[in-house]
Each structure stands twice: as structure tokens, then as C-alpha cells.
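Q: There's a structure below that I have some questions on.
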């Protein structure tokens, strides 16, 4: 058994979500947004998580999502679409893998990037179980 590529599974799932795609198109990046990225967009990175030594092919990553836009209202709209796409899902097939569950670890936090003008984001974290 091998560990599934959790980043690819997450990206494929989010890219197929109609409401999210209506806002960000294909601009879903891992691990971070490229320089001068078109907004709105989503960046995500696995920041840790847990694994079960008895079921090695079922990782449980903790994933950081940054929902970016040119103003705080649009960034919050991207966050809400991400939340709707992930929160509480169960047993969703993504190719030959499954997202068994996804639960937000804390409400989205509005942030302003002080180094890059007109880049606003909502930061959130999800615990996602996959197989």
C-alpha cells in the first residue's frame, strides 16, 4: 500500500466544484500562489496532520487554505465557497481515491498582506481524511 498524493486529491476535488470554479477558475495553487497571480485564487499547503500506523494508506492531513482576492469582501466570498465545498463532506470519490471526511478546524480569519498592496485573504484550516 502506498500513501495517496493528498495535494493532488485536494486540488482535483476543488477544481471540480462548480461554485468554487465560478469564482477562481483553475487558480487553485499548491503550495502557494505564484508571483503576480491573478485574483481571486486559492493557495493551500499541508501543514501536518496525523497518520494511523495500522492503516497507512489513510492519511489525515491538516491543510491550510488561503482564499485570496483584491478586496476583503471578495476574499470572504471565496472562503465561503471553499467552506461549502469542503465542510462536512463524506465518502467523495476523487479519481481512484476518496475524501472520507473534511472538517474545518477554525473559522476563517480575515488578513491583509501588508507587503503586497491589494492582496486580501481569508485563512482557514481543514482536517481531511483520505484513502
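Read-outs: derived from the displayed coordinates by stated rules, not from any lab. Note that the coordinates shown come from a computational prediction; the quantities given were computed from them, not determined experimentally. Please note: Cβ atoms are built from the backbone with ideal geometry, for glycine as well, and neighbour counts cover all protein chains shown.
Q: What nm value, rounded to one decimal, do you get for the distance between residue 7 and residue 37 when each label is placed 7 Å out toward the C-beta?
A: So the label points at residue 7 and residue 37 sit 1.2 nm apart.
Q: Would you calculate a helix-derived [θ] at 222 nm for the chain, using -39,500 (n - 2.57) for each DSSP H run of n ≥ 4 and dividing by the full residue count, to the nearest 500? Before the final figure, lay out each step's value.
A: Details: 3 runs with 32 residues, N = 131.
Calculated at 222 nm, the ellipticity per residue is -7500 deg cm²/dmol.
Q: So for 131, 32, fewest C-beta neighbours within 10 Å to most, what's the order? Could you put the intermediate results ahead of the total?
A: Numbers: 131 14, 32 11.
Ranking 131, 32 by Cβ neighbours within 10 Å, fewest first, gives 32, 131.
Q: If I fit a long axis through the Cα atoms of helix 72-86 and take the longest principal axis of the Cα atoms of the chain, what angle between them do I get, 0 to 90°, rounded to 10?
A: 10
Q: Evaluate the Kirkwood expression for the hydrodynamic radius of region 6-130, namely the inverse of the mean inverse distance over all pairs of different C-alpha atoms, and round to one decimal in Å.
A: 14.6
Q: Return the FRET efficiency for the residue pair residue 87, residue 118: r is the Cβ-Cβ distance, R0 is 30 Å, and the value is rounded to the nearest 0.05. Walk me through the numbers before you get to the answer.
A: On the way: r = 28 Å, r/R0 = 0.94.
Taking R0 as 30 Å, the efficiency between residue 87 and residue 118 is 0.60.
Q: Another question about this same structure. Would you mind ranking 23, 3 so that the residue whose beta carbon has the fewest other beta carbons within 10 Å leads the list? Please list the in-between numbers first.
A: Numbers: 23 19, 3 11.
In order of increasing Cβ crowding within 10 Å: 3, 23.
Q: Please report the relative contact order for region 19-131, taking Cα pairs under 8 Å with a sequence separation of at least 6, and give it as a percent rounded to a whole number.
A: On the way: 245 pairs, mean separation 28.7, N = 113.
After rounding, I find 25 percent.
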